[in-house]
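The values are calculated or read from the model by the stated rules, or taken from the named source; none is laboratory data. These figures come from a predicted structure and were not determined experimentally. Don't worry about glycine lacking a Cβ; one is built from the backbone with ideal geometry, like all the others, and counts go over all protein chains shown.
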Amino acid sequence: MTSPARPSRRRRVIIIGAVAVVVVLVVVLAGFAITGRDDDPTAAPTTPAVSGPAAPGGASTAATTAGAPPAPATTAPSPPAVTSAAPVAVAVPNLVGKNAAAARIELERLGFGDVRFGSQDEGDTEVVLPQNWTVTKQSAAAGAKVPTSTTIVLTCTRRV
């Protein structure tokens, strides 16, 4: 008497499994449709339409080409980066007595890209949070003109 119940139970499991798979597929496809995500790396990038200068007669160039299919994307090699022959020389400000984080920001605004910190305290050997430290020495003298590519080391203390 238990034999007839097994096929209906098996059918229910198969139907529930199939419905679950369909629901997952619908959710995934809806997510792709909503976000507009495309994982195809070979697809041409899409760019928004930009209207150019007005064409003769007052019509914009975007309006005259609205029905035309987009041109195929081409991959042109990018031009090499332009670098200057010599870095700019900048006068180093006096940073002694300033907060280390503020000193770093001041140097970065002047164009110095490599600012490092050192500790003069025996118990604290690393400057982890510069905002908690005060500059006591600087590797480049105040007022000296040095290239912005120069590494500036700020010696700091927490005991002020």
Counted residues, region 123-133 - those being outside any loop (DSSP other than H, G, I, E, B) and over 19 Å from residue 112 (Cα atoms): 1
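Okay, residues lined up against (1) out of contact with any helix residue (DSSP H, G or I) (no Cβ under 8 Å at 6 or more places or on another chain); (2) modelled with pLDDT under 95; (3) not hydrophobic (A, V, I, L, M, F, W, C):
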{"residue": "76", "(1), (2), (3)": "yes, yes, no"}
{"residue": "97", "(1), (2), (3)": "yes, no, yes"}
{"residue": "105", "(1), (2), (3)": "yes, no, no"}
{"residue": "112", "(1), (2), (3)": "yes, yes, no"}
{"residue": "123", "(1), (2), (3)": "yes, yes, yes"}
{"residue": "127", "(1), (2), (3)": "no, yes, no"}
{"residue": "135", "(1), (2), (3)": "no, no, no"}
{"residue": "153", "(1), (2), (3)": "yes, no, no"}
Selection from region 102-126 of residues that are buried (at least 17 other Cβ atoms within 10 Å of the Cβ) and not β-branched (Val, Ile, Thr): 103, 104, 107, 112, 117, 119
Positions within region 135-149 being of a type in the set (Ser, Thr, Tyr) and surrounded by fewer than 19 Cβ atoms within 10 Å (Cβ to Cβ), in sequence order: 139, 148, 149
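Can you say whether residue 68 is at pLDDT below 95 and not in a loop (DSSP other than H, G, I, E, B), as far as the supplied structure shows? Steps first, please.
Working: at pLDDT below 95: yes; not in a loop (DSSP other than H, G, I, E, B): no.
Against the criterion (at pLDDT below 95 and not in a loop (DSSP other than H, G, I, E, B)), residue 68 does not qualify.
Quick one: count up the residues across region 126-149 that are within 28 Å of the chain's Cα centre (by Cα) and farther than 15 Å from residue 106 by Cβ.
The number of residues fulfilling the criteria is 7.
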